[in-house]
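Taken together, the values in this text are just the output of simple stated rules run on the coordinates, not laboratory data. Here the structure is a predicted model, which means the values were calculated and not measured. Glycine gets a Cβ as well: all are built from the backbone with ideal geometry, and neighbour counts include every protein chain shown.
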Amino acid sequence: MSATLLSGKDASAAVLQSLESDIASLDPKLVVVQVGEDPASSSYIKQKFKSCQSVGMRSEHKHMPATTTLDELMHEIVALNADPDVSGFIVQLPLPAHLEKHVPDIIKSIEPRKDVDGFGAYNLGKMFLNKDFEDLPPATPSGIILLLDHYNIDVAGKHVVVVGRSNIVGKPVSMMLLNRSATVTICHSKTKDLGTITRQADILIAAVGRPKMITADMVKDGVVVIDVGMNRTDDGLCGDVDFDAVAEKASAITPVPGGVGPMTVASLIRNCVRAAQRQE
């Protein structure tokens with residue numbers, strides 16, 4: 001492999017270390033609300049609490065049964081909004097099928113000052129203004145920016161192609177890159193001749209949830225590749241990028257796992273610290 005490996009484990013460790021003094025003085029608390037027994041969610045939550053423990057931050061797991069009603073979940077959210085000891089909280093997605101259609105209302109019900117996932121309209125809207133208003137940005141896009149910063153990859157003036165237009169990753173990371181003077185192209189399922197566009201990218205961000213969708217013939221030599229995908233296949237976990245083949249052409253690339261994932265967790269913890277600071 002000729003590409004530099006962009007280790008999210010190393011970068012997240014640096015982010016978490018930088019937060020330790022604020023955590024010691026503010027004593028913030030993160031709460032994760034989980035409904036049901038989704039295995040992937042349980043794994044993600046475990047990593048979040050492990051990182052909280054590593055920096056001495058309080059955390060709590062509110063684990064509700066899969067049969068939880070919308071009213072019961074909303075009652076829990078109202079209680080967390082009102083609890084002065086809770087700096088920030090998230091409702092872990094995905095939710096059971098009977099609650100999934102209510103996700104917009106559930107996100108809307110979270111107090112913006114405690115919305116450490118950054119999914120609410122208030123925090124997303126502030127992020128669209130400029131970099132100075134990115135107080136509680138979505139965790140994965142924020143983690144991507146922190147990863148690029150850690151490895152001194154300047155996006156100003158670069159052509160960044162984002163493959164994926166979700167509200168969780170594609171749209172917000174595109175705006176955060178625009179805030180840093182990148183030229184951004186957003187591609188999606190209706191984009192024609194995707195490879196022609198991705199081959200123009202100085203930096204390529206893949207966030208579509210399709211195993212090894214980005215192949216070596218779709219990138220140019222020297223590209224920086226950020227793989228947000230986390231796909232479970234018969235051969236194990238893989239990203240949206242054909243890692244082995246693309247790494248031969250890229251100048252830098254994230255691994256899966258161990259790339260963007262740890263940065264998402266670090267960003268979530270950073271948001272919880274920021275929420276505590278703003279509540280002070």
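Electrostatic bookkeeping for residue 84 treats Lys and Arg as +1 and Asp and Glu as -1; over the other residues with beta carbon under 13 Å from its beta carbon, the sum is -2.
The distance from the alpha carbon centre of the stretch 181-223 to that of the stretch 15-55 is 32 Å, rounded to a whole number.
Take the Cβ atoms of residue 66 and residue 14, set R0 to 30 Å, and the FRET efficiency comes out at 0.20. Protection proxy ranking for 179-185, 111-117, using the average of other Cβ atoms within 10 Å per residue and placing the highest first: 111-117, 179-185. Full extension of the chain between residue 193 and residue 74 gives 38.4 nm of extra length, using 0.36 nm per residue less the Cα-Cα distance.
Across the stretch 1-118, how many lysine pairs, 8 or more apart or on two chains, come within less than 17 Å at their alpha-carbon atoms? Lysine pair count for the stretch 1-118: 13.
About its Cα centre, the dipole of the stretch 138-260 is roughly 540 debye, where the only charges are +1 on Lys and Arg Cβ and -1 on Asp and Glu Cβ. Each of 31, 55, 163 was scored by other Cβ atoms within 10 Å of its Cβ. Arranged with the fewest first, they read 55, 31, 163.
Taking 145, 205, 106 as the candidate residues, the one with maximal mean-square fluctuation in a Gaussian network model of the chain, Cα springs under 10 Å, is 106. Can you give the longest stretch of the chain with no exposed loop site, where a site means chymotrypsin sites (Phe, Trp or Tyr not before Pro) in a DSSP loop (not H, G, I, E or B) with at most 16 other C-beta atoms within 10 Å? So the longest stretch without any such site is 152-280.
The listed peptides 91-103, 11-23, 247-259, ordered by packing as a protection proxy, come out as 247-259, 11-23, 91-103 (highest mean of other Cβ atoms within 10 Å first).
Rounded to the nearest 0.05, the FRET efficiency derived from the C-beta distance between residue 27 and residue 185 at R0 = 51 Å is 0.75. Legend: ranking of residues 50, 192, 9 from fewest to most surrounding C-beta atoms inside 10 Å; resulting order 192, 50, 9.
Between 68, 196, 233, the residue with the greatest mean-square fluctuation in the GNM of the chain (Cα pairs under 10 Å linked by springs) is 233.
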